[in-house]
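Student: Would you mind keeping the following structure in view while I ask a few things?
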2 protein chains.
Amino acid sequence: MSEKMTTVRQLEVTSPVPADIDIANSVEPLHISRIAESLNLSPDHYDLYGKYKAKVLLSVVDELQGSGDGHYVVVGGITPTPLGEGKSTTTVGLCQALGAFLDKKVVTCLRQPSQGPTFGIKGGAAGGGYSQVIPMDEFNLHLTGDIHAITAANNLLAAAIDTRIFHEASQSDKALFNRLCPPNKEGKRSFANVMFRRLQKLGISKTNPDELTPEEVSKFVRLDIDPSSITWRRVMDVNDRFLRKITVGQGPEEKGMVRETGFDISVASEIMAVLALTTSLGDMRERLGRMVIGNSKAGEPITADDLGIGGALTVLMKDAINPTLMQTLEGTPVLVHAGPFANIAHGNSSIVADKIALKLVGPGGFVVTEAGFGADIGAEKFMNIKCRYSGLVPQCAVIVATIRALKMHGGGPQVVAGKPLDHAYLSENVALVEAGCVNLARHISNMKGYGVNVVVGVNMFSTDTKAELSAVKNAALAAGAFDAVVCTHHAHGGKGAVDLGIAVQRACENQTQPLKFLYPLDIGIKEKIEAIAKSYGASGVEYSEQAEKQIEIYTKQGFSGLPICMAKTQYSFSHIASQKGAPSGFVLPIGDVRASIGAGFIYPLVGTMSTMPGLPTRPCFFEIDVDVATGQVMGLS
Amino acid sequence: MSEKMTTVRQLEVTSPVPADIDIANSVEPLHISRIAESLNLSPDHYDLYGKYKAKVLLSVVDELQGSGDGHYVVVGGITPTPLGEGKSTTTVGLCQALGAFLDKKVVTCLRQPSQGPTFGIKGGAAGGGYSQVIPMDEFNLHLTGDIHAITAANNLLAAAIDTRIFHEASQSDKALFNRLCPPNKEGKRSFANVMFRRLQKLGISKTNPDELTPEEVSKFVRLDIDPSSITWRRVMDVNDRFLRKITVGQGPEEKGMVRETGFDISVASEIMAVLALTTSLGDMRERLGRMVIGNSKAGEPITADDLGIGGALTVLMKDAINPTLMQTLEGTPVLVHAGPFANIAHGNSSIVADKIALKLVGPGGFVVTEAGFGADIGAEKFMNIKCRYSGLVPQCAVIVATIRALKMHGGGPQVVAGKPLDHAYLSENVALVEAGCVNLARHISNMKGYGVNVVVGVNMFSTDTKAELSAVKNAALAAGAFDAVVCTHHAHGGKGAVDLGIAVQRACENQTQPLKFLYPLDIGIKEKIEAIAKSYGASGVEYSEQAEKQIEIYTKQGFSGLPICMAKTQYSFSHIASQKGAPSGFVLPIGDVRASIGAGFIYPLVGTMSTMPGLPTRPCFFEIDVDVATGQVMGLS
């Protein structure tokens, strides 16, 4: 434990709390090798990326195979409101408390933020106040290149799809075969290794290309992709709304082969979901290869490996599979890794980061991992998708709430950007808080259903009153929470979350039940959707014709055994964002059903999800610049 | 020198020469900190990116301000042919000779390859045989993320352009002003720092937004971009031909604001050219801010800073400005940095890498930097653009030639991919070689015009005969070369280029003339174009109507003092790729004239230049995979 002590840093806090960037810049981070050392990592276990970031090699898991895991804690939230709940801040603050004040080994596991919002509306995502990951600019920009690798891999696959259709359209079977398996100098043809995957799928066991019958040649060389079935889109880590819907192939050389498609933001790529759910390099190779990009005209799913590209995608992603080590303001370790969308994907950081972290902290230590959005979305998917693939079992779920947000759930007035906050949010109103606790209560009860102990963390604001705080505490305990604790880590750093840390420790040590999934995998797609809808408070589910059709197709294609990843608004338990609190009795409409076969889930669409944000008239980038004398980044928020 | 000795590695060569990837994988690279140490760099001077790459911080130049520079050598080639000249291989081999056999301090400066060709047709670009940069996979993939940073910055600017037009179209002056300079809590407005650049351009010296007259508000908030004038395109580091020409803005939220545009490959971005030509962080900030994206409807150039984004672009590029240190097979240091297109841009690696390298090797040491394509394009731009901006003076130009390529210039038969090589290239034909030397001779004479000593390096193949090699040597000396040397570094590593190393050393030590540019900057655009055309052998220049118009516009806008970057086919001195040898008397047609104002050059188009390659039916990616047991990359070529 002695090495760990050396990385812990005393924070000097001031009041009022300065701007996030000023706090972040006021602390000189430790060299990341010091943080690594505190986790007993030797230089062979990681690759440095500058002085304050390191990629921890996945091989660490194999090396520590025999040793035990630490406690596993997931942080979710109540249903989000425009007022913010401070979930990331609480995740960081809790870890600063455990590491810097309670003398525990602890690792925080966070998602990598997208650069789109950093330059657009939202700003960065490194926590806030005295609970932050530093250096804040490195956290928010490029990091160690994982999202760039995803963009590169996603778009290489996209280029391969259109080009393959183009070449198939203009060449005979024989010409295609000649190019795909060209004879060498001695006139002998051979298959590339990746081609055996397609051959096997076609039921062809021959290994010599020259032995293929003309019919087999045709089956082998023609993917015969139905352009209208292509679900694979291009991606970019930029808020570029003009790419949402585009027409490609309008150059003269593309001979009129135009097609309507579009770009998503990079974190919406299936490859991001694959990165988050994979468990090893070999597993990632297989998942990337079996990603389905669309169907053949005969209705067969076409995969990345059919295009011969699964290996190349893995090569592009081979460094991205290693999580990035950083540190909090108080010198505790953080692993940043993956950041899939929380609606069309599962919104959780990576399995491999959690696995590495659990071994590194060991028995008695803590790994705190954040799930996106409210607990109905992020934490539900943490349990039913992420833990299902990882085999890991959490002991405690933290649910973060604020008095303000609960007031809104209790019927408080709408919040309008740019207008002053309504009086109701700034002065005591216990009744509004109590009314809003129905939202918290349903999240608690849902989480308890998984067999974990639930601890509520109330992220306190200076305007909150004792009576309001105790109303939340009472409601939480009444709903079955293990404990409910007020915390002030935004203003005080880890010191402000010590009570939360103690509660989480007790919750973990008193956890005795096995993990209970919400649904088994071997039931039908509809049954699974209905189990999740029920947890939202829905009385039933309604399927569009398109949804019915897709469910039938996926079932026929053999994909019905996958877990379900609901793409629903995060702003309500229901499908209607304005329904705060705990709506019930509604019928959940499923408009469409899609699948990320490589990542390993089916995702029903409850409404339309935007997968490419836009820029406002005055984006964050107006403030962002570099001090050319010092090299310091200015204006990041 | 003792540290340097420790990094030099004995190569064991075998014959026949194994595949490039097998040679690369057979050598265990040194930890890059060892290479850094051999250059007297302390850990404060660089950031590690894994074990085999490090970014050398630009501040090293300031620190070594007082110390002298080494010899500066540029490597160009004869006019390229499909047979290949091995220019990168020769650049690496020469450095291996200087460093590992002639006991000189040496740094090789190379361009970062694009990932597009790596997965497309060409394969990697790390040299070949026993003259390579290692690790080869890291060199060819991601490197330290510079090209990804360029992609991100380029596309953020693109998104900002379309979104700004969109917001201006739907908002009144007052609404735009309200959003661009929103009042704070106290009701006070302020300008973002970057806005003062636009205000200054508009001749408005007020610092309080509230004091602007309605007319000034309108001028300030309305860029009034003419969509048909936009020259800024999006980029992607992927060979995606279907993005060459696209229509954007077809989503319902974009309200019919569709526009035809397209993607270039990332290395064609002006930001890549800026990176290659910048001299400091402050200089990069200014160049990025003054990049022109199109005109206002009134014909005024609109810059990145008008859009408020120059600072944010610099932040995205702030790590990319530091070159990446790697090593050759024989343990000599390499700086990899920037890789602009060699026709629409200037095709040379960065000024900052060369500057750092010249200080690190110091007096008596050598920096060898490669220029793209033939010497008529890459080396011409090296002299007239790169050296003009850097103030650096080369002592020696190496021109690489092969017997095969010279035979083609002498009238040898066409080479067809997939067909066996014609007999003429495989057996002795001195006459053909002699005839082809007219190409070499013109390159020599052009290079001599800059006041440097010219050394010809003949990259030898096993089929070359003594008589052929001596024919080249005679022709080179007759054309004014300082020396002409046969080298076998592909088969033997540095040992095979020792004679070339000695010749280069002598050439440098005997160089006495100042650098003479081909044209001064203060003449007209047309006069500069004509000076370059003359060096190609042209008897005159013909301008299209469009070219005339653009020359007039750029002159009116005040950009006529910039150097010229010809966008011409690399396969001939003339504009007709099939004209081998040394054509003359032709009239060079200028179809259009464009400008990269931030990078700092005007580029006339001699014919159409493709700025987005495509994928063949069987791209390189079919062979590329990772060994999931060892993590080793397979199939890269």
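The values are calculated or read from the model by the stated rules, or taken from the named source; none is laboratory data. The model shown is predicted, which means the values in this text are computed figures rather than measured ones. Here the Cβ is made from the backbone with ideal geometry for all residues, glycine too, and neighbour counts use every protein chain on show. Accessible surface is based on the protein model in full, side chains and every heavy atom, while ligands, DNA and RNA are left aside. Shrake-Rupley method; radii C 1.70, N 1.55, O 1.52, S 1.80 Å.
Student: For A:GLY311, what charge total do you get from the other residues with a beta carbon under 12 Å from its beta carbon, if Lys and Arg give +1 and Asp and Glu give -1?
Tutor: Summing Lys and Arg as +1 and Asp and Glu as -1 gives -2.
Student: Would you mind classifying the range A:22-164 by shape? Square roots of the alpha carbon gyration tensor eigenvalues, ordered a ≥ b ≥ c; an a/c under 1.5 is rounded, otherwise it is prolate if a/b is larger than b/c and oblate if not.
Tutor: Oblate, because a/c is 1.5 or more while a/b does not exceed b/c.
Student: Give me the inter-chain shielding for B:260-270: mean count of other chain Cβ atoms within 10 Å, whole number please.
Tutor: Neighbouring Cβ atoms belonging to other protein chains average 1 per residue here.
Student: I need the peptides A:459-467, B:104-112, B:429-437 ranked by packing, meaning the mean over residues of other C-beta atoms within 10 angstrom, with the highest value on top.
Tutor: Output ranking for A:459-467, B:104-112, B:429-437: B:104-112, B:429-437, A:459-467.
Student: Could you sort A:HIS443, A:HIS423, B:HIS31 by their accessible area in this structure, using a 1.4 Å probe and putting the largest first?
Tutor: Most to least solvent-accessible, the answer reads A:HIS423, B:HIS31, A:HIS443.
Student: State the antiparallel share, in %, of DSSP beta bridges confined to the range A:489-637, rounding to the nearest 5.
Tutor: 55 percent
Student: So, one more: Between copies, how far apart are the B:LEU515 label points? List them in nm, one decimal, shortest first, with each point 7 Å from Cα toward Cβ, please?
Tutor: When each copy's label point is compared with this one, the spacings are 6.2 nm.
Student: Subtract the Cα-Cα distance of B:LEU202 and B:GLU12 from 0.36 nm times their separation in residues, and report this length gain in nm to one decimal.
Tutor: Gain on stretching B:LEU202 to B:GLU12: 61.8 nm.
Student: Between A:PRO589 and the same site in the other copies, what are the distances in nm, shortest first, taking label points 7 Å from Cα along the C-beta direction?
Tutor: 5.9
Student: On average, how many beta carbons from a partner chain sit within 10 Å of the beta carbon of a residue in B:302-312?
Tutor: That works out to 4 on average.
Student: A further question on this structure: For the range B:312-357, report the convex hull volume of the alpha-carbon atoms normalised per residue, in Å³, without decimals.
Tutor: Looking at the range B:312-357, the number lands at 88 Å³ per residue.
Student: Okay, next question. Taking only the alpha-carbon atoms of the range A:151-293, what semi-axes of the equivalent ellipsoid follow from 5 times the gyration tensor eigenvalues under a square root, in whole Å, largest first?
Tutor: Three semi-axes, in Å: 30, 22, 12.
Student: Rounding to the nearest 10 and keeping the result within 0 to 90°, find how far the Cα-based axis of helix B:466-478 lies from the longest principal axis of chain B.
Tutor: That helix lies at roughly 50 degrees to the long axis.
Student: Computed FRET efficiency, Cβ-Cβ of A:HIS423 and A:LYS297, R0 41 Å: what is it to the nearest 0.05?
Tutor: About 0.05, to the nearest 0.05.
Student: I've got another one for you. Hey, how many Å between the Cα centroid of the range A:509-532 and the Cα centroid of the range B:204-263?
Tutor: Value for the Cα centre distance between the two parts: 49 Å.
Student: With viscosity set to 1.567 mPa s at 4 °C, what whole-number translational diffusion coefficient in µm²/s follows for the range B:274-375 from Stokes-Einstein and a Kirkwood radius over Cα pairs?
Tutor: Translational D for this selection: 84 µm²/s.
Student: In whole Hz, what ³J(HN,Hα) sequence does the range B:8-13 give by Karplus (6.51, -1.76, 1.60; θ = phi - 60°), x for Gly and Pro?
Tutor: 6, 10, 6, 8, 9, 9
Student: Report, to the nearest 10°, how far helix B:87-100 tilts away from the longest principal axis of the Cα atoms in chain B, using its own Cα long axis and a range of 0 to 90°.
Tutor: 70 degrees
Student: Of all DSSP beta bridges in the protein assembly as shown, what percent run antiparallel (nearest 5)?
Tutor: Here the share of antiparallel DSSP bridges comes out near 45 percent.
Student: For chain B, which whole-number percentage of the solvent-accessible area (1.4 Å probe, protein heavy atoms only) is attributable to carbon and sulfur atoms?
Tutor: Carbon plus sulfur share of accessible area: 51 percent.
Student: How would you order B:55-63, A:64-72, B:559-567 from highest to lowest mean count of nearby Cβ atoms within 10 Å?
Tutor: Answer by packing, highest mean first, reads B:559-567, B:55-63, A:64-72.
Student: Now for a separate question. When the convex hull of the Cα atoms of the range B:346-409 is projected onto a plane and the area is averaged over all directions, what value comes out in nm²?
Tutor: That works out to 4.9 nm².
Student: Between copies, how far apart are the B:GLU186 label points? List them in nm, one decimal, shortest first, with each point 7 Å from Cα toward Cβ, please?
Tutor: Copy-to-copy label distances at B:GLU186, shortest first: 8.4 nm.
Student: Kindly rank B:506-513, B:202-209, B:490-497 from highest to lowest mean number of other beta carbons found within 10 Å of each residue.
Tutor: Sorting B:506-513, B:202-209, B:490-497 by mean packing, highest first, produces B:490-497, B:506-513, B:202-209.
Student: Moving to a separate point now. What is the interface area between chains A and B, defined as buried accessible area summed over both chains with a 1.4 Å probe, reported in Å² to the nearest 100?
Tutor: Looking at A and B, the buried total is near 7000 Å².
Student: Can you pull the Kirkwood radius for the range B:81-139, inverse mean 1/r over Cα pairs, to one decimal in Å?
Tutor: After inverting the pairwise mean of 1/r, the radius is 12.4 Å.
Student: OK, next. Spelling out what I want: for every residue of the range B:566-574, take phi, set θ = phi - 60°, compute 6.51 cos²θ - 1.76 cosθ + 1.60 (Karplus), and round to whole Hz; glycine and proline get x.
Tutor: Once rounded to whole Hz, the list reads 6, 9, 10, 3, 8, 8, 7, 4, 8.
Student: Give the long-range amide H neighbours of B:ILE590: residues separated by 5 or more places, or on another chain, with amide H under 5 Å away, using H modelled in the peptide plane at 1.01 Å from N.
Tutor: Counting only residues 5 or more places away or on other chains, the set is B:GLU542, B:TYR543, B:SER544.
Student: Rank B:THR324, B:PRO29, B:LEU477 by how far each Cα sits towards the positive end of the charge dipole of chain B (+1 on Lys, Arg Cβ; -1 on Asp, Glu Cβ) and give me just the farthest.
Tutor: Checking the options against the dipole of chain B, the answer is B:LEU477.
Student: Per residue of A:44-54, count partner chain C-beta atoms within 10 Å of its C-beta, then hand back the mean as an integer.
Tutor: Partner-chain Cβ atoms within 10 Å, mean over residues of A:44-54: 4.
Student: Next up: Which log10 I(q)/I(0) values, to two decimals, does the range A:40-93 give at q = 0.14 Å⁻¹ under the Debye formula with one point per Cα?
Tutor: Debye intensities relative to I(0), on a log10 scale: -0.67.
Student: I would also like to ask the following. As a test, work out the antiparallel percent of DSSP beta bridges whose residues both lie in chain B, rounded to the nearest 5.
Tutor: Around 45 percent antiparallel, to the nearest 5.
Student: Another question about this same structure. What list of whole percents do you get for P(r) of the range B:93-182, with Cα-Cα distances grouped in 10 Å bins up to the one holding the largest distance?
Tutor: 13, 26, 20, 14, 13, 9, 4, 0
Student: Could you pull out the chymotrypsin sites (Phe, Trp or Tyr not before Pro) across the range A:304-373 that fall in loop regions by DSSP (anything but H, G, I, E, B) with no more than 11 other Cβ atoms inside 10 Å?
Tutor: none
Student: Relative to the longest principal axis of chain A, what angle (0 to 90°, nearest 10) does the C-alpha long axis of helix A:146-170 take?
Tutor: For helix A:146-170, the angle is close to 20 degrees.
Student: When the Cα centres of the range B:119-145 and the range B:446-508 are compared, how far apart do they sit, in Å?
Tutor: Cα centroid of the range B:119-145 versus Cα centroid of the range B:446-508: 25 Å apart.
Student: Quick one: Karplus J couplings for the range A:21-31, per residue in order, coefficients 6.51, -1.76, 1.60, θ = phi - 60°, nearest Hz, x for Gly and Pro?
Tutor: So the Karplus estimates, Gly and Pro as x, are 5, 5, 5, 4, 6, 7, 10, 7, x, 6, 4 Hz.
Student: Okay, next question. Please report the base-10 log of the normalised intensity I(q)/I(0) for the range A:442-589, using a Debye sum with one equal scatterer per alpha carbon and no solvent, at each q in 0.09, 0.14, 0.16, 0.20 (1/Å).
Tutor: Listed by q, the Debye log ratios stand at -0.42, -0.86, -1.00, -1.24.
Student: Taking the convex hull of the Cα atoms, report for chain A its projected area averaged over all directions, in nm².
Tutor: Seen from a random direction, the Cα hull of chain A projects 30.4 nm² on average.
Student: If the convex hull of the alpha-carbon atoms of the protein assembly as shown is projected onto planes in all directions, what is the mean projected area in square nanometres?
Tutor: Directional mean of the projected Cα hull area for the protein assembly as shown stands at 46.5 nm².
Student: Something else now. Name the long-range amide H neighbours of A:LEU110: under 5 Å, sequence gap of 5 or more, or other chain; modelled H, no Pro or chain starts.
Tutor: For A:LEU110, whose amide H was placed from the backbone, the distant partners under 5 Å are A:LEU335, A:VAL336, A:HIS337.
Student: Counting residues in the range B:355-463 as N, plug N into 2.2 N^0.38 Å and put the Cα Rg over that result.
Tutor: 1.29
Student: Then there's this: Which residues of the range B:271-290 show a drop of at least 40 Å² in accessible area when all protein chains are present, compared with their chain alone (probe radius 1.4 Å, heavy atoms only, ligands and nucleic acids excluded)?
Tutor: In the range B:271-290, residues shielded by partner chains: B:LEU281.
Student: With every protein chain left in place, what is the accessible area per residue of the protein assembly as shown in square angstrom, probe 1.4 Å?
Tutor: Heavy-atom SASA per residue in the protein assembly as shown reads 34 Å².
Student: Projecting each Cα onto the charge dipole of chain A (Lys/Arg +1, Asp/Glu -1 at the beta carbon, about the Cα centre), which of A:THR151, A:VAL541, A:THR512 comes out farthest on the positive side?
Tutor: Selected residue: A:VAL541.
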